[in-house]
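Please treat every number below as a calculation from the coordinates, not as lab data. Note that this is a predicted model, so its numbers are computed, not measured. Don't worry about glycine lacking a Cβ; one is built from the backbone with ideal geometry, like all the others, and counts go over all protein chains shown.
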Amino acid sequence: MINSSYVSYFTLAAYFDTGLFKYLYFLLILSLYVFIVCANLLLIVVICKNRSLHEPMYLFLCSLFVNELYGSTGLFPFLLVQILSDIHTVSAPFCFLQIFCLYTYGSVEFTNLAVISYDRYLAICYPLQYHVHMTSNKVVVLIAVTWSLPFFAVFVTTLLSVSLQLCGNIINKVYCDSYSIIKLACYETRVNNIYELIAVSLTVCVPISVIFYTYIKILEVCFSGSKQTRQKAVSTCTPHLASLLNFVFGSFFEILQSRFDMSSVPNVLRILLSLYFLTCQPIFNPVMYGLNMSKIRIMCQSLLSVFVLGGCCNFFYYSGTGTVLGSNIF
């Protein structure tokens, strides 16, 4: 046991010896991370480059894809290093940095999804007044709030965790977690627990309440409106609802695992459930929005075709140049 106000490192106890399979796991996770980066970066570039996509909905989606890059970068490089390492320890400063990154990612995700649902509510319930309500200044303010509020709330949470006096340094997970550190505290952590409840209410409960309210209003309009209105609502809300349910599903299991004793659950299953909301959401969102939204899908196809054709032309050009040079030499 460590009775100290400062712990220099933490041990991640959820890792287990996989032998030579660790190289296979490393390649799988690396491939997953590369796919996440490429998919989200492609959609960000498509939205930023095309003026026809400079609309509120697509700008909010761009913010969502940036958050996927941010969250996955806070996890995957760390996982790759730990998989190849024989000693699964992490320095305390880096551990708290990862806590800050992952918690802000989750909070921004909920807030961003709430902003998208509000945008869809205005587009479906007030289509004629949409551009009056959703001005460019309002878009900037909403995106700023989406990022600034979670960053401030999680920053205070991280500071409170850093100030704790700990009686241990073993975290039973594959990444750093604030609640796991709070459980290592030597004394009463009522202030931390109360603040975490307030922070969760602001960054999770309030966005979910906004989403719930907006979808009630959208459903009212759908049931009382025309067939065209219902089709528009379904086409624009389906990707958002699927993304929301996927993230809530993953977050629910993570909260359940953190707050309750899950020792009866197999270790591998616990690891997969703890990683679900951090790994599946960054894959799910670009695939769901890229395939379901026709404007984004068409732009992606045209951009990819330009890259492919450009690569083929360069290949044939340099191959032809090499042939000519070779014939001149000999």
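Model label sites at residue 31 and residue 219, defined 7 Å from Cα along the beta-carbon direction, differ in position by 4.1 nm.
Annotation: extensible slack from residue 155 through residue 209 equals 17.1 nm (criterion: 0.36 nm per residue apart, minus Cα-Cα distance). Couplings 3J(HN,Hα) of the stretch 19-35, computed from phi: x, 6, 5, 4, 6, 5, 4, 4, 5, 5, 5, 5, 4, 4, 5, 4, 4 Hz, in residue order, whole Hz [Karplus 6.51 cos²θ - 1.76 cosθ + 1.60, θ = phi - 60°; x for Gly and Pro]. Note on 8, 224, 258: ascending count of other Cβ atoms within 10 Å places them as 224, 8, 258, the fewest first. Comparing Cα centroids, the stretch 8-87 and the stretch 133-174 end up 19 angstrom apart. The gain in end-to-end length when the residue 272 to residue 14 segment is fully stretched comes to 91.8 nm, 0.36 nm per residue minus the alpha carbon separation. About its Cα centre, the chain has a charge dipole of approximately 860 debye under the convention of +1 per Lys or Arg Cβ and -1 per Asp or Glu Cβ, with nothing else charged.
Using just its DSSP H runs of length 4 or more, each adding -39500 (n - 2.57), the chain gives a mean residue ellipticity at 222 nm of -27000 deg cm²/dmol after division by all residues. Look at the dipole of the chain built from charges on Cβ: of 64, 175, 228, the Cα furthest out on the positive end belongs to 228. Sites listed here are chymotrypsin sites (Phe, Trp or Tyr not before Pro) in the stretch 255-301 whose DSSP assignment is loop and whose Cβ has at most 12 other Cβ atoms within 10 Å: 260. Here the stretch 79-107 is scanned for amide nitrogen atoms under 19 Å from the site 7 Å beyond the Cα of residue 21 along Cα-to-Cβ, giving 79-88.
Would you compute the Debye intensity of the chain from its alpha-carbon atoms alone, equal scatterers and no solvent, and pass along log10 I(q)/I(0) at q = 0.08, 0.10 Å⁻¹ to two decimals? Cα-only, vacuum Debye calculation for the chain: -0.47, -0.69.
Model label sites at residue 94 and residue 136, defined 7 Å from Cα along the beta-carbon direction, differ in position by 4.4 nm.
Rounded to 0.05, the FRET efficiency of the residue 298 and residue 241 pair, given R0 = 25 Å and the Cβ-Cβ distance, is 0.65.
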